[in-house]
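In what follows, a single structure is set out as structure tokens and then discussed.
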Amino acid sequence: AQRVTQPEKLLSVFKGAPVELKCNYSYSGSPELFWYVQYSRQRLQLLLRHISRESIKGFTADLNKGETSFHLKKPFAQEEDSAMYYCALSGHNFNKFYFGSGTKLNVKP
Amino acid sequence: ETGVTQTPRHLVMGMTNKKSLKCEQHLGHNAMYWYKQSAKKPLELMFVYNFKEQTENNSVPSRFSPECPNSSHLFLHLHTLQPEDSALYLCASSHPVGTKNTGELFFGEGSRLTVL
């Protein structure tokens, strides 16, 4: 069965420190992976997707099929990165998306 | 208004009431979704519509009844709910399968439902 696991509910780091938000998945086929973000008082929105191999706001994520992981990383956290982060997966047809329970990132000054 | 709009933003209802949640999008999308977000749980996919046709029902109880009259509007009719149905209900839209879909979902702000 498909499942997305985000083991950390809360992650606190100081400004300028590296940050890594963990995401592990289980899926019977070859998944597409995404990170969504929800800033305070804003709606949930796409941050990045693995198929684009892009870096958004300094964040990157590498799909590791061997470890079935898609961890989100940023070398130097900023206070404005404080938000809820959700890992999500879909099949190739993008018809169904499965989300993790989210990790709250708190970047302290 | 552009984007995905949900109304009402907050709803309190008794277990015997009948109410509806509304979702509207003017992004030109033809796929629409209902998700349930409960405290400390992952977002749960409830229903998926593509070109007004329901393509996914994720084993949702019949007390939740979706309706998609056109590609811009999606409703969730609520009847004889239980207190455990209290949650944030999120609507999302996207391009449908096989077209310009890049896997991005566009979410509304949600309707916070409390069942007494």
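Residue under question is residue A:55, and the condition is that it be over 20 Å from residue A:8 (Cβ atoms) and touching a Phe, Trp or Tyr at 6+ places or on another chain (Cβ under 6 Å); does it hold? Answer is no for this residue. With a requirement of 1 or more residues that are within 12 Å of chain B (Cβ to nearest Cβ), the strands (runs of 3 or more DSSP E) lying completely within the range A:22-109 that satisfy it span A:24-26, A:32-38, A:45-49, A:83-90, A:97-99, A:103-108.
When residue A:49 is tested against (1) surrounded by 16 or more Cβ atoms within 10 Å (Cβ to Cβ); (2) more than 30 Å from residue B:50 (Cβ to Cβ); (3) of a type in the set (Lys, Arg), only condition (2) is not met. From the list B:83, B:61, B:42, B:69, the lone residue that is modelled with pLDDT under 90 and over 12 Å from the mean Cα position of the chain (by Cα) is B:42.
Note on the range B:58-98: enclosed strands (runs of 3 or more DSSP E) holding 2 or more residues that are of a type in the set (Ser, Thr, Tyr), within 14 Å of another protein chain (Cβ to nearest Cβ) and crowded, with 19+ Cβ neighbours inside 10 Å are B:87-94. When the range B:1-32 is filtered for residues that are within 25 Å of residue B:82 (Cα to Cα), part of a loop (DSSP other than H, G, I, E, B) and among the small types (Gly, Ala, Ser), only B:14 remains.
When the residues of the range B:33-45 are filtered to those that are in a strand (DSSP E or B) and without any contact (Cβ under 8 Å) to a residue 40 or more places away in the chain, the one that is nearest to residue B:103 (Cα to Cα) is B:45. Residue A:87 meets all of the listed conditions (1) without any contact (Cβ under 8 Å) to a residue 12 or more places away in the chain; (2) crowded, with 16+ Cβ neighbours inside 10 Å but one, namely (1).
The values are calculated or read from the model by the stated rules, or taken from the named source; none is laboratory data. Model, not experiment: these values are computed from the prediction. Counting neighbours? That spans all protein chains shown, and the Cβs are built from the backbone with ideal geometry, glycine included.
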